[in-house]
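As structure tokens, the structure follows; a few thoughts come after it.
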Amino acid sequence: MKVSGRLLAVLMVCASACAQAPLGNEQFRDYLRDETMRLSEACLSEINSLTDWNSRRDEYRRQLQEMLGLWPLPLRTDLKPVVTGTVDHPEFTVEKLHFQAMPGLYCTAALFIPKGITAPAPAILYECGHWQSVTNGISYGNKAAYQADGAWYARNGYVCMVLDTVLAGEIRGIHTGTRDRGLWWWNSRGYTPAGVEAWFGIRALDFLSTRVEVDTNRFGITGHSGGGAYSWMVTALDDRIKAAAPLAGMADIRSHILDPIMDSHCDCNFFVNYYGWDFPQVAALAAPRPLLLGGTDNDRLFNLPNTLRIHDQLRRIYQIHNATSQLGLIIAPGGHDETPELQVAVMRWFDRHLKGAQRPVENAATRFFAPQELKVFATLPADSINTNIALTFGPVAGSALPAGADLRSVLVTKVFSGWPKGRDPLNLHQAFSGEREGLRLSAWDFTSQRNVRLRIYRLDASATSVRSNITLSVLDESGWTNAIARLGGLFGRELTNELRGAVVEGSQISLDSLKEQVQRSSLMFFAPRGVGLDAWAGDERAHSRIRRRFMLLGQTRDSMRVWDIRRAVQVVRELNAGIEVQVILRASSEMGVNTLYAALFEPSVRTLQLGPLPQSHIYGPDYLGILRVCDIPQVVNAVKAHARIEGEPSP
């Protein structure tokens, strides 16, 4: 077994707990459902003929490369392969080796070579999952845990490389930056460990191509769970794979979000979804090559309905290629495990498509070596960049920045591609209005996008009918609490919903000061999604789950808040239709950055009052791939082309 009973039990409990945990509020759950189904229904919908496929396939691959941080494709630098030792078995030899996928990015592996081969043999790249081999803080790599697979393939006449992962190789990296560590800047950097694992696999094929024992026209790839995920990616990206058999490594967006299973998955399962893909689109890039899709009937991480949906999508693509005989499906009894039934099916698949043979196969996957025997490094290399690879993997923006509309076009195409494609009616509805002490407070509900209704507030002097200056404050959670505290003493009866759980003692502000402010400008304030009335339930971990769902939809929490702010500016103008108003936007910190980007797309905004902003998107807020286009100081300069920025827009 590849997963111990204890670990499997933990995974099951985790998946069950995630499925039962409350997520946000009812409006947000409706939003998730609709956005999920929108992407699901769009997946491969434009492919109805082989002509359609042939005209789009290359662009699909390029998009996937980009979403993995592999576009432009990194240079194929010198692998600098080193065999540090061998282990002997009567039927095969194991070479313990390392190579560099790029300078300083080390891959450790075990290469199983059958004895007695007289001609180049087919080769299997075995992608390891998350099963680790660590003793006393020393990692022996996934290869020690998954060695039985390498030995079994070698005993059946295949050269097999068991490839360590960036997470659990001898030099240990990180797979759970957003899930467990709050590294949201990974989104801004456009980084996903799925890209590193895919590059490891591609460079492993480069290495195998140098070996005289290997027939480079007969490469196969397989792996289970995380290894299945990387098998999908490498197959999609590299046509040298002639037959693939990924096991339990892919779930569609419906399963990830609606079941939900993504809370149990590392970031290594996900691409940075600039283009609004669902996962069957990755799988389809295998067509028309031989592809065996495998899983079990009681796998809670990659459940059976999900596996069957993906197979149905693939079958349609293979039918278009007139290649349905090249697509296989194996469902074995069991949980999240690479069961013997799956292993036998995979071996027979490779026999058929890489050897042109059909023979009885008996499972005999056995571990022969202590983990220490497969260790590659005596001392870990000092120049390794594995642990911090997120800092440098993939390109970032250069000094040249697209100007004006060009910058907006680039941002909408990539960074903000999850925004609605059109502007729905605002559907303004007055929620309440009240007067106290010469002041009038009104509230309006509006539609930011489908299933996102938000509220905006306006404070005027009672005697004032028209005001040409509007100051719109965009509130984060602390700003929301302060605003309620300031107004609660005056308008407590009107602010019934808003005051839930708030402690208000008096107006908390000088009434004369407030009246003086509204004589100069109407005061409006607004909280985007996830703040104030629309605040999401749960603790920090629950909010992390919400933020990861946005990622999978090709959005981020804050990129959609930028959209909300844009819509709030449009509300201001609709409420003052026919009047030439000057809109001043006020915000600070991360919400100030969101407001800055909203102003970039709403050039009618002429003034911003911004408190100190983060120095870079490394420190927040996060938008998908923003650092591949620009950073905060550059956008400050771009907005200054049409608006005055007051305050302290930089640290």
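The values are calculated or read from the model by the stated rules, or taken from the named source; none is laboratory data. What you see is a predicted model, and the numbers here were worked out from it, not measured in a lab. Quick reminder, even Gly has a Cβ in these numbers, built from the backbone with ideal geometry, and neighbours come from all protein chains shown. These area figures cover heavy atoms from the full protein model, side chains too; ligands, DNA and RNA do not enter into them. Shrake-Rupley method; radii C 1.70, N 1.55, O 1.52, S 1.80 Å.
May I ask you to work out the translational diffusion coefficient for segment 415-462 at 37 °C, viscosity 0.692 mPa s, via Stokes-Einstein with Rh from the Kirkwood sum over Cα pairs, reported in whole µm²/s?
In µm²/s, the coefficient rounds to 263.
What is the percent of Cα-Cα separations in segment 320-469 that go past 21 Å?
Working: 8765 of 11175 pairs.
Here the long-distance tail beyond 21 Å is 78 percent of all Cα pairs in segment 320-469.
Sequence-distant or interchain residues sharing an amide H contact under 5 Å with GLN609, placed H: which?
Hits under the 5 Å cutoff: LEU585, ARG586, ALA587, GLU646.
Given charges of +1 on the Cβ of Lys and Arg and -1 on the Cβ of Asp and Glu, with all other atoms neutral, how large is the dipole of the chain about its Cα centre, in debye to the nearest 20? Write out the running numbers ahead of the final one.
Working: 68 positive and 66 negative charges, 126 e Å.
For this selection, approximately 600 debye.
In segment 108-168, if every C-alpha pair distance is counted and binned at 5 Å from zero, what percent goes to each bin?
Values per bin, smallest distances first: 4, 22, 28, 19, 13, 8, 5, 1, 0.
Determine the percent antiparallel among the DSSP beta bridges restricted to the chain, to the nearest 5.
Values: 44 of 88 bridges.
The antiparallel fraction comes to roughly 50 percent.
Could you sort the peptides 590-599, 225-234, 41-50 by per-residue average Cβ neighbour count (10 Å cutoff), highest mean leading? List each step's numbers first, then the result.
Values: 590-599: 25.7, 225-234: 28.3, 41-50: 13.2.
Ranked from most to least packed, the peptides come out as 225-234, 590-599, 41-50.
Is the C-alpha gyration tensor of segment 235-278 telling us rounded, prolate or oblate? Criteria: a/c under 1.5 is rounded; beyond that, a/b larger than b/c is prolate, otherwise oblate. Present the calculation step by step, with values, prior to reporting the outcome.
Working: a/c = 2.38, a/b = 1.64, b/c = 1.45.
It is prolate, given that a/c is not under 1.5 and a/b is the larger ratio.
By its C-alpha gyration tensor, with a ≥ b ≥ c as the square roots of the eigenvalues, how is segment 510-621 shaped: rounded for a/c under 1.5, else prolate for a/b larger than b/c, else oblate?
Judged from the Cα gyration tensor, segment 510-621 comes out prolate (a/c at least 1.5, a/b above b/c).
Pulled fully out, how much extra length does the chain show between ASP206 and GLU373, if you take 0.36 nm times their separation in residues and subtract their Cα-Cα distance?
Details: separation 167, 0.36 × 167 = 60.12 nm, distance 2.55 nm.
Full-extension gain reported as 57.6 nm.
Using only the alpha-carbon atoms of segment 367-453, report the extent along each of the three principal axes, biggest first, to the nearest angstrom.
80, 38, 31
If the viscosity is 0.890 mPa s and the temperature 25 °C, what translational diffusion coefficient in µm²/s does Stokes-Einstein give for segment 559-643 when Rh comes from Kirkwood over Cα pairs? The partial results should precede the final answer.
On the way: Rh = 13.2 Å.
Using the Kirkwood radius from Cα pairs, D works out to 186 µm²/s.
Take GLN430 and GLU362, extend 7 Å from each Cα along the Cα→Cβ direction, and tell me the distance between the two endpoints in nm.
8.6
Find, to one decimal place in angstroms, the Kirkwood hydrodynamic radius of segment 127-280, where the mean of 1/r is taken over every pair of different Cα atoms and then inverted. Working shown, then result.
Details: mean 1/r = 0.0613 Å⁻¹.
Kirkwood radius, segment 127-280: 16.3 Å.
Over all directions, how big on average is the projection of the convex hull of the alpha-carbon atoms in segment 173-233, in square nanometres?
Numbers: hull surface 21.1 nm².
Averaged projected area of segment 173-233's Cα convex hull equals 5.3 nm².
Which listed residue (SER559, MET591, SER521) has the Cα farthest towards the positive end of the charge dipole for segment 485-599, taking +1 on Lys and Arg C-beta and -1 on Asp and Glu C-beta about the Cα centre?
The residue sitting farthest along the positive end of the dipole is SER559.
Through the Karplus equation 6.51 cos²θ - 1.76 cosθ + 1.60, θ set to phi - 60°, convert the phi angles of segment 419-436 into ³J(HN,Hα) values in whole Hz; use x for Gly and Pro.
Rounded to whole hertz, the list is 5, x, 7, x, 9, 6, x, 5, 6, 5, 9, 6, 7, 6, 8, x, 10, 8.
Hey, what angle do you get for helix 193-208 against the long axis of the chain, alpha-carbon based, 0 to 90 degrees rounded to 10?
30
Taking Cα atoms, how many degrees apart are the long axis of helix 304-320 and the longest axis of the chain, rounded to 10 and kept between 0 and 90?
80
Cα centroids of segment 584-651 and segment 69-104: how far apart, whole angstrom?
The two parts, judged by their Cα centres, are 45 Å apart.
Packing-wise, with mean Cβ within 10 Å as the measure, how do 95-103, 612-620, 237-245, 164-172 rank, highest first? Please report the intermediate quantities before stating the final value.
Numbers: 95-103: 19.4, 612-620: 17.4, 237-245: 21.4, 164-172: 25.3.
The densest-packed peptide leads the list: 164-172, 237-245, 95-103, 612-620.
Using +1 at the C-beta of Lys and Arg and -1 at the C-beta of Asp and Glu, which of LEU285, LEU258, ASN142 has the Cα lying farthest in the positive direction of the dipole of the chain?
Value computed over the given set: LEU285.
Between (1) 30.7; (2) 41.9; (3) 43.5, which entry matches mean projected area of the Cα convex hull in nm² as derived from the coordinates of this structure?
So the calculated entry is the one marked (1).
Return the subset of LYS115/LYS355; LYS143/LYS355; LYS96/LYS242; LYS80/LYS375; LYS143/LYS414; LYS414/LYS640 for which the Cα-Cα distance in this structure is over 28 Å, preserving the input order.
Details: LYS115/LYS355 17 Å; LYS143/LYS355 25 Å; LYS96/LYS242 26 Å; LYS80/LYS375 18 Å; LYS143/LYS414 37 Å; LYS414/LYS640 23 Å.
Pairs exceeding the cut-off: LYS143/LYS414.
How would you order 182-191, 541-550 from highest to lowest mean count of nearby Cβ atoms within 10 Å?
Working: 182-191: 22.9, 541-550: 18.8.
Packing proxy ranking, top to bottom: 182-191, 541-550.
Can you tell me what percent of all Cα-Cα pairs in segment 214-314 are more than 15 Å apart?
Values: 2990 of 5050 pairs.
Looking at segment 214-314, the distances longer than 15 Å represent 59 percent of pairs.
Go through ILE645, GLY226, GLY169 and say which Cα lies farthest out towards the positive end of the charge dipole of the chain; charges sit on Cβ, +1 for Lys and Arg, -1 for Asp and Glu.
My answer, from the dipole projection, is ILE645.
Just the accessible area per residue of the chain, please: how many Å² with a 1.4 Å probe?
Values: 24490 Å² over 651 residues.
Averaged over the residues of the chain, the accessible area is 38 Å².
Where does helix 540-552 land angle-wise versus the long Cα axis of the chain, in degrees 0 to 90, nearest 10?
For 540-552 against the chain, the angle is about 70 degrees.
Calculate, in nm to one decimal, what LEU73 and GLU477 gain on full extension: separation in residues at 0.36 nm each, minus their alpha carbon distance. Each step should come with its number before you reach the end.
Details: separation 404, 0.36 × 404 = 145.44 nm, distance 4.14 nm.
The LEU73-GLU477 span can extend by a further 141.3 nm.
Subtracting the Cα-Cα distance from 0.36 nm times the residue separation, let me have the gained length for ALA382 to ASP539 in nm, one decimal. Walk me through the numbers before you get to the answer.
Details: separation 157, 0.36 × 157 = 56.52 nm, distance 3.96 nm.
Between ALA382 and ASP539, full extension yields an extra 52.6 nm.
Given a 1.4 Å probe and every protein chain left where it sits, what share in percent of the accessible area of the chain is carbon and sulfur? Each step should come with its number before you reach the end.
Numbers: 12190 of 24490 Å².
Within the chain, the accessible surface is 50 percent carbon and sulfur.
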